[in-house]
Each structure stands twice: as structure tokens, then as C-alpha cells.
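Asker: What follows is a structure written as C-alpha cells; I'll ask about it next.
The values are calculated or read from the model by the stated rules, or taken from the named source; none is laboratory data. In this text, all values refer to a predicted model and were calculated from it rather than measured experimentally. We place every Cβ from the backbone using ideal geometry, glycine too, and count neighbours over all the protein chains shown. Side chains are part of the model used for accessible areas, which takes the heavy atoms of the whole protein and leaves out ligands, DNA and RNA. Shrake-Rupley method; radii C 1.70, N 1.55, O 1.52, S 1.80 Å.
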Amino acid sequence: MKYLSKLQAILEDGHFAVTTEIGPPKHASAHGLKRNAQILKDFVDAANITDNQTAIVRLSSIAAGVHLLTGGLEPVVQMTCRDRNRIAIQADLLGAYSLGMRNLLCISGDHQQFGNHPTAKNVYDLDSIQLVNLMSRMRDEKKFFCGEEIKEYEPRFFIGAVANPFADPFEYRVDRLEKKIKAGAQFIQTQGVFDMERFERFMEMVRAKGLDQRAHILAGVIPLKSWRAAKFMQTQVAGMIVPDVLVDRLKNAAAPQSEGVAVCIEQIKYIKENIKGVHGIHIMAIAWEDIIPEIVRQAGLFPRPEVELD
Amino acid sequence: MIIAQQKNIKDIAVMVEACEKVLLVGCAGCVTVCLSGGEKETEILASALRIMRKLAGKPLKTSTYIATRQCDPEFITPLEKLVGDADAVISLACGVGVQYLAEKYPDKWVVPAQDTLFAGGSTEHGRWDEKCGLCGDCILHRTGGICPVIRCAKSILNGPCGGSQNGRCEVDQDMTCAWQLIYERMKALGRLRDLTAVQPLKDWSKAMGGGPRRMLREDLMAK
């Protein structure tokens, strides 16, 4: 097998990838996940499934992945370092691979203070870079995190990580990205881009170090439904930069939702056409998955390419 | 040093409500320096408890003693007579001192007057900040003398995480991002290269979580 996953095949064959993000439900039914898979499967190459995002308890990322897979949509399993120690992480990822998951996104995870169990103890036995590193080693050297040999059937994930060009210290974000790539990250998803100028500066530094040649960078975009959503992102979400001009544009729009979609499409087109080194787009339509087909169509990214894994 | 904060006096009073005579034991160590359990605070607490009980119509007798250190058997042995006369002992030391007293005087009701908070120091008058996580495996030589284990809310060893903006931690805007500080210091020292190495997994077995830790120095032990 030449490629570990469809997402890897898309990226390494040189296509401009389209991924999205699905937050599992706060209940124990798969009906919404199945519906999402049905709506999205022809419009995106893969879908991240968040792992208790913002530290709110939800149906597990791996279990949700099974439902997407059954529905014909390739999952990217998110694994945070907040809730599991090195033993649980390895056990769950062996299980995920056995269930057909092939993409893995390693992240620190939002602090539990933001969630619905703020008094929980966090784990952080390892951090996201260590997780990337040890999962790559597990695949390439057939070793558990402790160094013990995996005799057969080692999990072989296409491994990704995230980068936030809007967090500080700005220049060091590129060094840290390099560290993630050095640790083994093969694809990188960025935080939602609203401040295009800052993202361009970030990508300039990324290209200067040749990082875009060493990993596939997918720029994050977030379609906004209203100026209030923009304001919330601007003021309440750590690690985001939302320019005032965007908030005002949505505020003055007659139809805020279609304006939000228009903004998102402009962003995708701009990134695709003008910012070198970006290999795909990651659309985070937080609880607004229905809008993704329209965005993908209007951004000129439909139909999605067919790829062979072998 | 250990930083401790006195409990609400009402909570302390409840712990000894059945007693007629209590001994309050302060400590001349850390809690004197952080102004929560030294001589002055011990006397104030004793008189406050007496006033409360007098107003409640159930007077309380108190005696006080300041141990040089409560975390040392040598300094709590001289208390024997005072302890014998009291119905209960209120310790104003950190959690270590309370346990030393309880162990030394197994027949006596020993209660804590303090909440033991952290290992840290004073950063301005009236303010103390946590600096050391007592993790048992110091890495300050790799992080510019700033501890991410305790000063980063996620204890991240390859930080900063994506929530760091304008030098602030995502958890609290009043909290400085430890990794921002590490970055700035390493940059100023011309050692940013050191931060490019992927830091290995931490050995948490040397930290809490594996039961109480012990340090042995055979060269100092009785043969």
C-alpha cells in the first residue's frame, strides 16, 4: 500500500485537499453523525472528529469515526493529551486502527476549565509533540512508547498536528511547527484564519524554512453565521484574531448568513490562489455542517478528486 | 517555601467546638515568612477564638507555643506538657507540621488551621506565587530557569500551546504564559536553539501519584 489513507493520497498526489470537522453529539445516538456523513461524503476528502472539544463530554471520537466510516466518509481521529495517560492513548489508538481509522490528529486539547467538568484533573502525561513523535515511532519502528517492540500489526496512521499562527510568540510558532514536523507530523491544520495578513507572514516564514515541503499545510477557515459569532470569536476564544472590519461587514449585511458564506468562500479562494505552500483547506463549520457542500461548490472545489491508495 | 493560608475562623471553631481548652501551635518556618502561622498570627487566632466562644456563652481557654519548625520531631518534643493539658491542638503549620504533631501525640485531637497551598515565594507585598511543582525531576536548566511543569496550566514541556496570546494564558488573562517567559528568556540568552529539541516524556513516577515519596541518604543513617 503506497498511502496510509485517502487524505494522504489526495495530498501526496498534489491535489488541494478539503477537510472538515464534526463535533460528536452530547448523547449516545449516531443518527446525526450518519446524517453528516451522508451530506458531506462527496464534498470533503476527510472529516476530523473532535475529541471532547472545549472539554465538554461528547460521544467518543473513535466511536464516531466508525459511524462516519460506515457512512462512506473518511475520519481523522482527534486525540487530545488532556484526558488520557500514555497507557490509555496507546490502547485507544490500537483500537481505533483495528476499527479502520487511518488518520490521526494529535493535539493538547482545550483546558478542562472551559468545559462542563471544570473540576476534573487533567492528565497531560504527554504533550501533542510527544504524541506525534511516539505515534510515528510506533508506526516506523514498531515500538510502544516505552520502547518495547510491537511484534506484529503495528498501527500505521497518517499523522497530523495543528498550528496556530495567531497565538504568541508569533515567530516562535514557526519554530514550534518545525518541531512538530521534526517529531513526525505529516499534515498540519491551522487555527481558523481571519487575519489574512498575519497568516501570509506566517506562511512566508514557513516557506523560508522549507516546512511546506516537509508537511502538508491545511489552512483552517470558519464560516460565520452572524456578527455576534464573529465578535464571540474575537473576544472570547483564546488564540484567535478576528479583524474589526469583518465583524462590521457581517453587522452591516442584509443577510448575515449568506454574507458569512461569501466571506468564507473569498478566504478559501484567496488562500488557494495567493498563498503558496498551503496544500488544502480545513473548514470548521461549528454546528453548521449543512453549509459545507455549498461552500465547497462555490469555492470551485467540487467534485473532489478520485484517488487510488495503492 | 511552603505557602499556606489560614482557614475561615468559623471552620476552625467548629473543629474544636466540644473542647474547653486548646493549644495553638504556630511554626517559625515558612508560615511565619508568608505571614499566616507565625507568632503574631497564632496569638491573633487564639484571642479571636476566645472572643467567639465568650460571645457564644461557652468560654474557651487557650495556650500558645511557637515551634522553631513543626516538621522536625526535635522541635515538637518540648510541647509535651502543654499538649497534655489541652483537649485539642490546633496547628498553624503547613500540612507537614499538622501530621508531625498528630503522629507525635497519638492520643490527642490535632486539627489544621491552615490550607497548605503551594511551594512558591513572595512577588510583591501581600502576594505569593507558585514556582515549583515538586515534581522530583528538575528541568529548569532546559527551560531558562522558568518552570513549565507548574507555571503552565497544562504542564506542557514543548510549549506554548495554541491558547497563548499577548503573553497571557488562555486559562486566565491575569496569568502569564510560562512558555512566553521561557521563549523570551531563551531568546535574550541567545539559546533559542535549545528549544528546538523535542523534549522527551517526563518521568512522573518521581512526582506525586505513586504514593508518598521518600529520600534516603545512607551516608547519614545510623549504622
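Asker: Straight-line reach from B:Lys58: which lysines fall under 28 Å, measuring Cα to Cα and dropping same-chain residues less than 8 apart?
Answerer: B:Lys7, B:Lys10, B:Lys21, B:Lys40, B:Lys81, B:Lys108
Asker: Using a probe of 1.4 angstrom, how much of the accessible area of segment A:125-166 is carbon and sulfur, in percent?
Answerer: Summing carbon and sulfur atoms, their accessible area is 44 percent of the total for segment A:125-166.
Asker: Right, something else. Order A:His279, A:His27, B:His125, A:His111 by their accessible area, 1.4 angstrom probe, all chains in place, largest first.
Answerer: The ordering from most to least exposed comes out as B:His125, A:His27, A:His279, A:His111.
Asker: Given labels modelled 7 Å from the Cα in the Cβ direction, how far is it in nm from B:Leu192 to A:Tyr153?
Answerer: For B:Leu192 paired with A:Tyr153, the spin-label model returns 4.7 nm.
Asker: Another question, if that's okay. State in Å² the accessible area per residue of segment B:2-118; use a 1.4 Å probe, count heavy atoms of protein chains only, and round to the nearest integer.
Answerer: With the other protein chains kept in place, segment B:2-118 gives 52 Å² per residue.
Asker: Work the Kirkwood hydrodynamic radius out for segment A:268-310: mean of 1/r over every pair of different alpha-carbon atoms, inverted, in Å.
Answerer: For segment A:268-310, the Kirkwood estimate is 12.0 Å.
Asker: For the pair B:Thr68 and B:Asp11, what calculated FRET efficiency results from E = 1/(1 + (r/R0)^6), where r is the Cβ-Cβ distance and R0 = 25 Å, to the nearest 0.05?
Answerer: 0.35
Asker: Follow-up question, since we're still on this one. Sticking with the crude label model, points 7 Å out along Cα→Cβ, report the distance from A:Leu99 to A:Gln298 in nm, one decimal please.
Answerer: Output for this residue pair reads 3.5 nm.
Asker: Can you work out the base-10 log of I(q)/I(0) for segment B:32-78 at q = 0.20, 0.29 1/Å, using the Debye formula on its C-alpha atoms alone?
Answerer: -0.73, -1.00
Asker: Could I ask something else about it? Can you give me the solvent accessible area of B:Glu80 with a 1.4 Å probe, rounded to the nearest 10 Å²?
Answerer: The accessible area comes out at roughly 110 Å².
Asker: Can you tell me which lysines have their Cα less than 20 Å from the Cα of A:Lys26? Leave out same-chain residues fewer than eight positions away.
Answerer: A:Lys34
Asker: Quick check: pseudo-label points 7 Å beyond the Cα along Cα→Cβ at A:Asp244 and B:Glu80, how many nm apart are they?
Answerer: It is 7.6 nm.
Asker: Name the residues of segment B:156-178, by number, that are at least 50 Å² less accessible with every protein chain in place than in the isolated chain; the surface is that of heavy atoms, probe 1.4 Å, without ligands or nucleic acids.
Answerer: Residues of segment B:156-178 that lose at least 50 Å² of accessible area once the other chains are added: B:Asn158, B:Pro160, B:Gly162, B:Gln165, B:Glu170, B:Val171.
Asker: Go ahead and set up a Gaussian network model of chain B, Cα springs under 10 Å, then flag whichever of B:Ala18, B:Ala113, B:Ala56 fluctuates most.
Answerer: Residue with maximal mean-square fluctuation among B:Ala18, B:Ala113, B:Ala56: B:Ala56.
Asker: How big is the B-A contact in terms of buried accessible area, both chains counted, 1.4 Å probe, rounded to the nearest 100 Å²?
Answerer: So the buried area, both faces added, is about 2500 Å².
Asker: When you look at the Cβ of every residue in A:230-242, what mean number of other chain Cβ atoms sits within 10 Å? Could the numbers behind the result be given before it?
Answerer: Values: counts 0, 0, 0, 0, 0, 0, 0, 2, 10, 7, 3, 1, 0.
Across the residues of A:230-242, the mean count of other-chain Cβ atoms within 10 Å is 2.
Asker: Which one of A:Ile89, A:Val57, A:Ala230 has its Cα pushed farthest toward the positive end of the charge dipole of chain A, where Lys and Arg give +1 and Asp and Glu give -1 at the Cβ?
Answerer: A:Val57
Asker: Pairs of alpha-carbon atoms within less than 8 angstrom and 6+ residues apart define the contacts here; what relative contact order does segment B:135-206 have, in percent?
Answerer: Details: 64 pairs, mean separation 24.9, N = 72.
The value is 35 percent.
Asker: Give me the number: length gained by fully extending A:Cys146 to A:Lys209, i.e. 0.36 nm times residue separation minus the C-alpha to C-alpha distance, one decimal in nm.
Answerer: 19.5 nm
Asker: Would you mind checking A:Lys209/B:Lys202; A:Lys143/B:Lys202; A:Lys143/B:Lys187; A:Lys180/B:Lys131; A:Lys121/A:Lys143 for any pair whose Cα atoms are more than 24 angstrom apart?
Answerer: A:Lys209/B:Lys202; A:Lys143/B:Lys187; A:Lys180/B:Lys131; A:Lys121/A:Lys143
Asker: Now a separate question. Aspartates and glutamates within cross-link reach of A:Lys272: Cα-Cα under 18 Å, excluding same-chain residues under 8 positions apart?
Answerer: A:Glu12, A:Asp13, A:Asp45, A:Asp195, A:Glu197, A:Glu200, A:Glu204, A:Asp212, A:Glu294
Asker: Beta carbons within 10 angstrom, averaged per residue: use that to sort the peptides A:118-127, B:174-183, highest first. Each step should come with its number before you reach the end.
Answerer: Details: A:118-127: 17.7, B:174-183: 20.7.
Averaged packing, sorted descending, gives the order B:174-183, A:118-127.
Asker: Give me the compactness ratio for chain A, meaning the Cα radius of gyration over 2.2 N^0.38 Å.
Answerer: 0.95
Asker: Follow-up question, since we're still on this one. Can you divide the C-alpha Rg of segment A:1-54 by 2.2 N^0.38 Å and report the result to two decimal places?
Answerer: Expressed relative to 2.2 N^0.38 Å, the Cα Rg reads 1.32.
Asker: Take B:Asp219, B:Asp107, A:Asp248, B:Asp137 and sort them by solvent-accessible surface of the protein heavy atoms, 1.4 Å probe, largest at the top.
Answerer: B:Asp107, B:Asp219, A:Asp248, B:Asp137
Asker: Starting at 0 and stepping by 5 Å, how many percent of the alpha carbon pairs of segment B:2-118 end up in each bin?
Answerer: 2, 14, 26, 27, 20, 10, 3, 0
Asker: Here's another thing I want to ask about it. At a 1.4 Å probe radius, carbon and sulfur cover how many percent of the accessible area of segment A:34-107?
Answerer: On the way: 1420 of 2470 Å².
Looking at segment A:34-107 in its full context, I get 57 percent from C and S.
Asker: Same structure, new question: Determine the distance separating the Cα centre of segment B:1-60 from the Cα centre of segment A:91-119; give it in Å without decimals.
Answerer: 47
Asker: Using only the Cα atoms of segment A:86-133, what semi-axes does the equivalent ellipsoid have when each is the square root of 5 times a gyration tensor eigenvalue? Give whole Å, largest first.
Answerer: Semi-axes from the Cα gyration tensor: 23, 13, 11 Å.
Asker: Any idea what the alpha-carbon Rg over 2.2 N^0.38 Å comes to for the protein assembly as shown?
Answerer: The value comes to 1.19.
Asker: When the Cα centres of segment B:123-159 and segment A:1-46 are compared, how far apart do they sit, in Å?
Answerer: If you average the Cα positions of each part, the centres end up 40 Å apart.
Asker: Mind putting together the pair-distance distribution for segment B:135-206? All Cα pairs, 5 Å bins, whole percent per bin, short to long.
Answerer: The calculated distribution, bin by bin, is 3, 18, 28, 25, 17, 8, 1.
Asker: Evaluate the Debye formula for segment B:38-182 with equal point scatterers sitting on the alpha carbons, no solvent, and hand back log10 of I(q)/I(0) at q = 0.12, 0.18 Å⁻¹, in q order, two decimals.
Answerer: After summing over all Cα pairs, the log10 values are -0.70, -1.00.
Asker: I've got another one for you. At 1.4 Å probe size, put B:Met1, A:Met205 in order of accessible surface, largest to smallest.
Answerer: Highest to lowest solvent-accessible surface, that is B:Met1, A:Met205.
Asker: Once the Cβ-Cβ distance between A:Ala287 and A:Lys2 is put in as r, and R0 is 51 Å, what FRET efficiency do you end up with, to the nearest 0.05?
Answerer: Between A:Ala287 and A:Lys2 the formula returns 0.90.
Asker: Oh, and also: Output the relative contact order of segment B:123-170, whole-number percent, from Cα pairs under 8 angstrom with separation of 6+ residues.
Answerer: After rounding, I find 26 percent.
Asker: How much accessible surface area, in Å² rounded to 10, belongs to the heavy atoms of A:Ser60 with a 1.4 Å probe?
Answerer: It works out to around 50 Å².
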